[in-house]
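This report concerns only the one structure given below.
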Amino acid sequence: DEKADAIPVETVQNIFPDRQTSFVLSMGEDDVVLVQQLGDNVEMSDLEKTAAQIEETLRVNGESTVVVGIGTVATHLRDLAKSYKEAQMAIEVGKVFDTEKYIISYENLLFRSVKRQDKNSKNAKKQKRPYKNVTVIYTK
């Protein structure tokens, strides 16, 4: 059903209506990408609040489990692909090692230890539910 696939894109676009600084793209049936230009003095906590807003809005609107991945801030156009890949990696690693989190930042992954592997191997059976992925790329 194409309309069902379009709902997450429209929902994210409604959260960020300024088409000059926020671009929402569909990257397949279960993937939405937000490319957002940042203002000055924005901190990681602000980025995570934005991601939480996306996750909560999609969840309230009836989407299945939503995982939001955040790549590093892209300072040049050429950095967009790298940030996208980082956010995708954060989503995939988070689904395996941090099944209780729905907002995963690539920068935070770099500082985590793999001690959680034993704990999360017990949760591996929970992974059967479908996921919708939102990849967030911030630009300066």
Q) Does region 31-57 hold any residues that are open to solvent by 50 Å² or more (accessible area, probe 1.4 Å), closer than 19 Å to Ala81 by Cα and part of a loop (DSSP other than H, G, I, E, B), and which are they? A) none
Q. From the set of residues in region 65-78 that are in contact (Cβ under 8 Å) with a residue 40 or more places away in the chain and open to solvent by less than 40 Å² (accessible area, probe 1.4 Å), which is nearest to Asp46 (Cα to Cα)?
A. Ile70
Q. Within region 82-126, how many residues are at pLDDT 85 or above, among the polar types (S, T, N, Q) and under 21 Å from Leu58 (Cα atoms)?
A. 2
Q. Name the pairs: first residue in region 22-44 and among the charged types (D, E, K, R), second residue surrounded by 13 or more Cβ atoms within 10 Å (Cβ to Cβ), Cβ to Cβ under 8 Å, at least 6 apart or on different chains?
A. Glu29/Asp5; Asp30/Tyr131; Asp30/Lys132; Asp30/Asn133; Asp31/Lys132; Asp31/Asn133; Asp31/Val134; Asp31/Thr135
Q: Could you please find all residues in region 94-111 being part of a helix (DSSP H, G or I) and buried (at least 16 other Cβ atoms within 10 Å of the Cβ)?
A: Gly94, Lys95, Phe97, Tyr106, Asn108, Leu109
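The values are calculated or read from the model by the stated rules, or taken from the named source; none is laboratory data. What you are looking at is a predicted structure, and each value in this text was computed from that prediction instead of being measured. Note that we place each Cβ from the backbone using ideal geometry, even for glycine, and neighbour counts take in every protein chain shown. Remember, those area values only see protein heavy atoms, side chains included, never the ligands or the DNA or RNA. Shrake-Rupley method; radii C 1.70, N 1.55, O 1.52, S 1.80 Å.
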